[in-house]
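Colleague: Please find one structure pasted underneath; my questions will follow.
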Amino acid sequence: MSLSKNQKYRLKFHLMPPKGWMNDPNGLCFYKEVYHVFFQYAPSGPCAYERYWGHYTSPDLVHWKYEGIAIRSDCAWDLNGAFSGCAFTDDGMLELFYTGNVEEEGDYDYINAGRGANVIYVHSEDGVHFSEKKLLLSNKDYPADYTCHVRDPKVWKEGDTYHMVLGGRKKDDKGAILHYVSKDKMQWEFKEEISAEEDFGFMWECPDFFALDGQQVLMCCPQGVAREEYRYQNPHQAGYWLFSAAECEKGVKQQNENVQPIETSRFKELDKGFDFYAPQTFFASDGRRILYGWGGVSEMDKEYCNTPIIEEGWQHSLTVPRELRVVNGTIRQWPVKELEALHYDVVGLTDGVTTVEADAFDLEISFATNTTGEDIAKKETDKILCTEHYCAEKKEIQLSEDISVCWQGGVFILQFLNDSGCGRRVRKAKIDELRNIRILKDVSMLEIYINDGEYVFTTRYYPKVVTQTVLNIKGCDRATLWKMKAMEVDLSNGE
Ligand code: FRU
């Protein structure tokens, strides 16, 4: 397969579509010593609408092979898209569960009528060749108060019971998660709905449910949550709830048998940047819980665009794989250690201006907290001192003339200073103190990890010059920068 030479913004250590369009990560797993990353794929163009499952494999998360299209939308159950889904490997095979999207011809709104949402199953012994498709669930199997928007199965096993969660949109325009159980993975029975009492988006997509560090994590993507100054700044969110084992046992505030309301105030965003959605996790055999997100958002309601890469014939990527841990009631995300194999040429930095000659780098900066020796408790009791003190503590990293990453007075701001964001402007978060920042810059993608991964901001970035960044660091204690080389990606199976 030949790639156009004129692709200035292609990435070096993020998985991208071989050509055309990519969205959600799908079917993530580690099966027979190989990592599998499937993804929503439309090879016919950077804004194309077909949805297949593209397939990458890797022994180590940095050497990749594109295996071709694993699932096409080619049967009556998935005619208009092989939508998102998961992998299940506990029983010795690589088993995939995904949503077959069908749009009937006619005068339909495709919300309440005209859309088929099927759960489809395929399996593989070798991880590359898949069986015939089997239909497991269709619209008639969902509760009557749901629209036709039900999708994105995630399957796991507890004891001798298989579980599946699906995202859904109810007829009263509330998002919810449907929970099914099965003894054989083929016959599924509805168990309960998980939803919020208050308004929290009209549709919840891409659910995930797993145990982590003694807690239970429920992830999903609520669409259309009202925007706030410091939260929910994208039209669609991606985040999670953490529950203790005891809460899960008794059912979170159980009211009636089939409904589990959850508190939206406990929802936490996974990423507060411009370009992050539809994350999925898997369990690597060494015990790590690893997350990949889509490093993009859907086209709807967007104030910003990706014209520079669309002109190159492709759009979107995944995030880097991130290891998840729970620390003090919050998920921390951190780029997996395997990425360090791509480091070369390390430079120690301090405050001031440094020109970095590299299109990809990994920059770690630590900040001394409370530098002037003022006591935080004193600041709390003396509001004037508090403001002045905080103002004195400005910490900032500027990337060329393009971007400012700044913390001051308990607020973190990521701001584009010119049009290198293609319409992206400002993202903010309330963060009490800034201890450290790690910035992964990959040609036209930035992932910014704050305070050991407690907050993450992912964004596209289209600098005029990709090979050079003028860094201006203010207020840092110590900084280290590694230039990064490209992952090896074998695209010879491309189509
Ligand atoms: C999330 C999503 C999923 C769906 C897929 C279709 O980005 O809308 O809910 O399965 O994309 O590509």
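The values are calculated or read from the model by the stated rules, or taken from the named source; none is laboratory data. In this text the structure is predicted, and so the values were computed from the model without any measurement. Cβ sites come from the backbone with ideal geometry, for glycine too, and all protein chains shown count toward neighbours.
Colleague: Mind listing whichever residues of the stretch 317-340 are in a strand (DSSP E or B) and within 27 Å of Pro43 (Cα to Cα)?
Modeller: First, pick out the residues of the stretch 317-340 that are in a strand (DSSP E or B): 318, 322-327, 330-335.
Residues satisfying the conditions are Leu318, Arg322.
Colleague: Check whether at least one residue in the stretch 42-65 is among the hydroxyl-bearing types (Ser, Thr, Tyr) and within 11 Å of the ligand (Cβ to nearest atom), and report yes or no. Working first, answer last.
Modeller: Of the residues in the stretch 42-65, the ones among the hydroxyl-bearing types (Ser, Thr, Tyr) are 44, 49, 52, 56-58.
Now drop any that are not within 11 Å of the ligand (Cβ to nearest atom), which leaves 49, 52.
For the stretch 42-65, residues among the hydroxyl-bearing types (Ser, Thr, Tyr) and within 11 Å of the ligand (Cβ to nearest atom): present.
Colleague: Just need a number here: residues in the stretch 283-328 that are of a type in the set (Val, Ile, Thr) and within 16 Å of the ligand (Cβ to nearest atom).
Modeller: Residues in the stretch 283-328 being of a type in the set (Val, Ile, Thr) and within 16 Å of the ligand (Cβ to nearest atom): 2 in total.
Colleague: Next question. In this structure, is Tyr108 in the same structural domain as Asp141 (by TED's automatic domain parsing) and away from the ligand (no atom under 14 Å from the Cβ)?
Modeller: On the way: in the same structural domain as Asp141 (by TED's automatic domain parsing): yes; away from the ligand (no atom under 14 Å from the Cβ): yes.
The answer is yes for Tyr108.
Colleague: Criterion first (crowded, with 18+ Cβ neighbours inside 10 Å, in contact (Cβ under 8 Å) with a residue 12 or more places away in the chain and basic (Lys, Arg)) does Arg72 satisfy it?
Modeller: no
Colleague: Outside any strand (DSSP E or B) and touching a Gly at 6+ places or on another chain (Cβ under 9 Å): does that describe Asn112?
Modeller: In short, no.
Colleague: To continue, here is another question. Looking at the structure I just gave you, is Asp90 within 16 Å of the ligand (Cβ to nearest atom), modelled with pLDDT of 95 or more and among the acidic types (Asp, Glu)?
Modeller: No, not satisfied.
Colleague: Could you tell me whether any residue of the stretch 88-95 is in a strand (DSSP E or B), under 16 Å from Leu166 (Cβ atoms) and not β-branched (Val, Ile, Thr)?
Modeller: There is at least one residue in the stretch 88-95 that is in a strand (DSSP E or B), under 16 Å from Leu166 (Cβ atoms) and not β-branched (Val, Ile, Thr).
Colleague: Something else: Under 6 Å between Cβ atoms, which residue pairs at least 6 apart in sequence (or on different chains) link something in the stretch 350-366 that is farther than 19 Å from Leu434 by Cβ and at pLDDT 95 or above with a partner that is acidic (Asp, Glu) and outside any loop (DSSP other than H, G, I, E, B)?
Modeller: Matching pairs, first to second residue: Ala360/Asp442.
Colleague: If you take the residues of the stretch 145-172 that are more than 11 Å from Cys206 (Cβ to Cβ) and among the β-branched types (Val, Ile, Thr), which of them is nearest to the ligand (Cβ to nearest atom)?
Modeller: Selected residue: Val150.
Colleague: Next question, about the same structure. (1) surrounded by fewer than 13 Cβ atoms within 10 Å (Cβ to Cβ); (2) in a strand (DSSP E or B): which one isn't true of Asp286, the others all being true?
Modeller: Unmet condition: (2).
Colleague: In the stretch 66-87, which residues are of a type in the set (A, V, I, L, M) and either within 16 Å of the ligand (Cβ to nearest atom) or outside the structural domain of Thr147 (by TED's automatic domain parsing) (or both)?
Modeller: Ile69, Ala70, Ile71, Leu79, Ala82, Ala87
Colleague: Being under 29 Å from Val165 (Cα atoms), in contact with a strand residue (DSSP E or B) (Cβ under 9 Å, 6 or more places away or on another chain) and small (Gly, Ala, Ser) is the filter here; which residues of the stretch 278-325 pass it?
Modeller: Matches in the stretch 278-325: Ala278, Ala284, Ser285, Gly293, Gly295, Gly296, Ser298, Ser317.
Colleague: Considering only residues of the stretch 93-105 that are surrounded by fewer than 20 Cβ atoms within 10 Å (Cβ to Cβ) and away from the ligand (no atom under 14 Å from the Cβ), which is farthest from the chain's Cα centre (by Cα)?
Modeller: So the first thing to find is which residues in the stretch 93-105 are surrounded by fewer than 20 Cβ atoms within 10 Å (Cβ to Cβ), and the list is 93, 103-105.
Narrowing further to those that are away from the ligand (no atom under 14 Å from the Cβ): 93, 104-105.
On the way: Met93: 26, Glu104: 31, Glu105: 33 Å.
This residue is Glu105.
Colleague: Quick one: is Phe38 within 22 Å of Leu318 (Cβ to Cβ), touching a residue at least 60 places away in the same chain (Cβ under 8 Å) and of a type in the set (Phe, Trp, Tyr)?
Modeller: Spelling it out, it is not the case that Phe38 is within 22 Å of Leu318 (Cβ to Cβ), touching a residue at least 60 places away in the same chain (Cβ under 8 Å) and of a type in the set (Phe, Trp, Tyr).
Colleague: Filter the stretch 225-247 for residues that are within 16 Å of the ligand (Cβ to nearest atom) and either without any contact (Cβ under 8 Å) to a residue 40 or more places away in the chain or more than 21 Å from Asp275 (Cβ to Cβ) (or both); which is surrounded by the most Cβ atoms within 10 Å (Cβ to Cβ)?
Modeller: Gln237
Colleague: Here is a further query. Can you name the condition, by its number, that Lys140 falls short on among (1) free of Cβ contacts under 8 Å to residues at least 12 places away in the same chain; (2) over 25 Å from Pro261 (Cα atoms)?
Modeller: Tallying (1) free of Cβ contacts under 8 Å to residues at least 12 places away in the same chain; (2) over 25 Å from Pro261 (Cα atoms), Lys140 fails exactly one: (2).
Colleague: Testing Phe130 on (1) hydrophobic (A, V, I, L, M, F, W, C); (2) in contact (Cβ under 8 Å) with a residue 40 or more places away in the chain; (3) assigned to a strand (DSSP E or B), one condition comes back false. Which one is that?
Modeller: It is condition (3) that Phe130 fails.
Colleague: Something else now. Given His163, His149, His179, which one is assigned by TED's automatic domain parsing to the domain that holds Tyr108, in a strand (DSSP E or B) and surrounded by fewer than 17 Cβ atoms within 10 Å (Cβ to Cβ)?
Modeller: Numbers: His149 fails: surrounded by fewer than 17 Cβ atoms within 10 Å (Cβ to Cβ); His179 fails: surrounded by fewer than 17 Cβ atoms within 10 Å (Cβ to Cβ).
Within the list His163, His149, His179, the selection yields His163.
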